[in-house]
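Throughout, read-outs are computed from the coordinates displayed, never taken from laboratory work. Computed from a prediction, not measured in an experiment: that's the story for all the values here. All Cβ positions, glycine included, derive from the backbone under ideal geometry; neighbour counts span all protein chains shown.
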Amino acid sequence: SKALSEGKGNVMLFADSDFLADDFCVRMMRTPFGAIPQLINENLTLFSNVIEQFAGREELIGVRSRGASDRPFTVVNELEAEATKKWQAREAAFQEELQQTQQRLSALQREKKDGERFILSKEQQDEIVKLRKAQADTRKQLKNVRKELTADIDSLGLRLKIINIALVPVLVVLFGLLRGYLRRKRA
């Protein structure tokens, strides 16, 4: 046939014949509802796009072949950064206090003479006890600061979940009710 010989031909060559085998392109995940295939790579997408291109249907190729794009929540990231910044100053102060306490303890240990290696004066013993208590308190406060930072970030996540799960649907329902009310009023 003359039309086939004059037409433009397309050839797609794959060097690997088993690239569509299940072992290479999907992983079967076991769930209570049965086995579900999970894509390991983009081999099936490539094959599907090739078939569509040969069939002359290129409209959806651009949409389907797009990979997963990372679109972070910039507002969420900014709010988390603010919360982190708020607590970082307190954390840095506690870290500094902890470091000074540890340096003072080390200095007291170095003050001992060779003969007094295991013997401490009453003042040194009191100072060491006081410094160790201050060290424990500082560590506890530092732990609390980190806990409060985590709580702030978690509460931000909870607020976003509430907005997405509850507030937006409520607004859609209210909009629908208002629209229905206005239609009835006109009729």
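Here is how the numbers come out for the structure above:
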item	result
Inter-site label distance for I165 and L108 at 7 Å from Cα along Cβ, in nm	5.1 nm
Computed lengthening from N144 to S48, 0.36 nm per intervening residue step minus Cα-Cα distance	29.2 nm
Förster radius 41 Å - calculated FRET efficiency between R183 and L20, Cβ distance, rounded to 0.05	0.15
For V26, residues with placed amide H under 5 Å, excluding near neighbours	I40
Karplus (6.51, -1.76, 1.60) ³J(HN,Hα), θ = phi - 60°, over the stretch 19-32, in Hz, Gly and Pro reported as x	5, 9, 5, 4, 4, 9, 10, 9, 10, 8, 9, 8, 10, x
Backbone HN-Hα couplings from phi across the stretch 43-51 [Karplus 6.51/-1.76/1.60, Hz, Gly and Pro as x]	4, 5, 5, 4, 4, 4, 5, 5, 4
